[in-house]
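These notes are about the structure you will find just below.
The values are calculated or read from the model by the stated rules, or taken from the named source; none is laboratory data. All values reported here derive from a predicted model rather than from experimental measurement. Cβ: placed from backbone, ideal geometry, glycine included. Neighbour counts: every protein chain shown. Calculation scope for accessible area: heavy atoms of the full protein, side chains included, ligands and nucleic acids excluded. Shrake-Rupley method; radii C 1.70, N 1.55, O 1.52, S 1.80 Å.
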Amino acid sequence: PNKFMIGIRCSNKIEKASRNGVIIASHRIETVPQIDLMQQINYKFDQIEHLYIKASKIPCPFFRRRASDIIDNISLTFRFLLIRHKTIIDPFLGEGMMLDENLLPDCPGCRALGRHISSEQYSKIGAKLKGLEVHEIANLIKHDWGTIHSKTEKKRNSYYITGKLNSRIYRDDCLFDGPDPDMPVRGLRKYLAAASHLFDHSKSYGKIIGDVQYNSDLRYVQVRWEIGGVLMLPWRPKVKPWTGQTIYHLDKNSLIHHHEESWDISVIEAFISTVWP
């Protein structure tokens, strides 16, 4: 890349010689290999990524979420400073050169997923499935809801319970919004990391109620659902089944950019059911 710094290492080799009582110093200047500025920036972002991975291993979901939010904000602040305050890096760029902000990594919560990926067909890690028809997206969403109550298919639980879905139909920076106090959440990776630890997988379920609805003109898919089971809190409360709906909004590339959730119960009712199930 054209974005670089040239470092100069100066080593002074002092040769003492006695020429008519005068000490002569000879100087040797060496150039060091070109240092790529983007490599240094990526190294800093990698350090932030390692912190994010450590935070994801915090046992308590409350503190895990708080820690990941803080690290994401650090990453976003660093990115903002590099883009908006160009005096920070201008001295390291050649004359007339500019930093391409598109080369900067996203915050950890919005990075491409490396886990929480469904191994089912059409769900392997790879390029995003851009340009699909709305009804095709609807079928893939239906697949992600699983077959927990099917009498003919192999049992698969909902992504609401397992945190496993087809990430290829979502933008990595998808916004997840809903009544939950921990929402909104920006980033597919962050959302699925939380979802995968919220319910006891063996004692919980999620299922679709009725048919999956979609609108090709307004570009959205709508699902009504029912969820119930045991929460992964220290006292393992068994929550009563509740219903709601999720609207999946598609962008111009037919990727889900907004995951909008609503409940048929109030937040207070949901909170009470976790304390006194």
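Listing for the model above:
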{"read-out": "Accessible area (Å², 1.4 Å probe, nearest 10) - V212", "value": "30"}
{"read-out": "³J(HN,Hα) computed for each position of segment 229-234 - Karplus, 6.51 cos²θ - 1.76 cosθ + 1.60, integer Hz, glycine/proline x", "value": "x, 10, 7, 7, 9, x"}
{"read-out": "Theoretical gain in end-to-end length, L103 to C60 [0.36 nm per residue, Cα-Cα removed]", "value": "12.1 nm"}
{"read-out": "Label-point separation in nm, D180 to Y43, each point 7 Å along Cα→Cβ", "value": "3.8"}
{"read-out": "Cα gyration tensor shape of segment 32-77, rounded if a/c is under 1.5, else prolate or oblate by comparing a/b with b/c", "value": "prolate"}
{"read-out": "Area of R111 that stays accessible when all protein chains are in place (1.4 Å probe, Å², to 10)", "value": "50"}
{"read-out": "Distance violations [Cα-Cα > 30 Å] among K54/K207; K155/K252; K130/K207; K54/K164; K54/K252", "value": "K54/K207; K155/K252; K54/K252"}
{"read-out": "Estimated inter-spin distance, Q245 and I272, nm [label 7 Å along Cα→Cβ]", "value": "2.5"}
{"read-out": "Distant-in-sequence amide H partners of L165 (H built 1.01 Å from N, under 5 Å)", "value": "S118"}
{"read-out": "Amide H partners (placed H, <5 Å) of S254, local residues excluded", "value": "G131"}
{"read-out": "Under Karplus coefficients 6.51, -1.76 and 1.60, residue-wise ³J(HN,Hα) of segment 70-75 in Hz, glycine/proline x", "value": "4, 5, 4, 5, 4, 4"}
{"read-out": "Shape category assigned to segment 133-277 from the gyration tensor of Cα positions, a/c cut at 1.5", "value": "prolate"}
{"read-out": "Segment H197-F80, extension gain: residue separation times 0.36 nm, minus the distance between their alpha carbons", "value": "39.0 nm"}
{"read-out": "Rounded accessible area of I48 (nearest 10 Å², 1.4 Å probe)", "value": "20"}
{"read-out": "Label-to-label distance, nm, for residues given as E260 and E133 (7 Å Cα→Cβ offset)", "value": "2.5"}
